[in-house]
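Structure first, commentary second.
The values are calculated or read from the model by the stated rules, or taken from the named source; none is laboratory data. Bear in mind that the values here come from a model prediction, so they are computed numbers and not experimental data. All Cβ positions, glycine included, derive from the backbone under ideal geometry; neighbour counts span all protein chains shown.
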Amino acid sequence: MAKTNRIPGQKISQGTYSAFLPAPLTPVLDWTPRLIGVLSEADRLIGRLAGEGGRLPNPHVLIRPFVRREAVLSSKIEGTQATLGELLAAEAGAAVDRSPEDLREVGNYVVALEHGISRLKELPLCVRLVRELHEKLMTEVAGHHATPGRFRTIQNWIATPGSTIAKASYNPAPARRG
């Protein structure tokens, strides 16, 4: 396991491996005049932005490029190589020299995000919504057979391919402890 001596938390034994249990976040904020001023200014600017956004006939048009950029960046975590330009070109119907699987995976991020935003009008952020989003992400991509919309019942870990949980570089705290 990687060194964690500078990271607040501790390793806890899980039998054949150790997991990392982070220290609780500090519940106390130091409400300095500077912090209060910065928060007040941020609140004022958000109100101003909301006022301007309310005047747009279709604010989604302004947000669309940012949603796609986030989808491209998020999908890179899974090793997807599609670029923003390739995604936009494919959505416009142009031929793109990128694997359809990569474009589908990035497209699923867009679908899931837009689905989540629309569902938040009807549902709170809850397990049901998270499962719906996961199902959207996993539609027709590598791993789609691995129970989309359902939670894993085994411990996740980060390791080199082919490694075991005992040799993983990072094991998060088990769900019951996290």
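Cβ-Cβ contacts under 8 Å between residues 6 or more apart (or on different chains), taken from a first residue in region 133-160 that is polar (S, T, N, Q) and surrounded by 14 or more Cβ atoms within 10 Å (Cβ to Cβ) to a second residue that is modelled with pLDDT under 85 and part of a loop (DSSP other than H, G, I, E, B), are listed as T139/P148; Q155/N171; Q155/P174.
Residue by residue, here is whether (1) in contact with a Lys or Arg (Cβ under 7 Å, 6 or more places away or on another chain); (2) assigned to a helix (DSSP H, G or I); (3) closer than 20 Å to P148 by Cβ; (4) touching a residue at least 24 places away in the same chain (Cβ under 8 Å) holds:
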site	(1), (2), (3), (4)
A50	no, yes, no, no
P57	no, no, no, no
L73	no, yes, no, no
R104	no, yes, yes, yes
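Yes or no: region 132-154 includes at least one residue that is within 16 Å of the chain's Cα centre (by Cα) and of a type in the set (K, R). Within region 132-154 (the criterion being within 16 Å of the chain's Cα centre (by Cα) and of a type in the set (K, R)), the answer is yes, since at least one residue qualifies. Considering only region 22-44, I want to know if a residue exists there that is outside any helix (DSSP H, G or I) and surrounded by 11 or more Cβ atoms within 10 Å (Cβ to Cβ). For region 22-44, residues outside any helix (DSSP H, G or I) and surrounded by 11 or more Cβ atoms within 10 Å (Cβ to Cβ): present.
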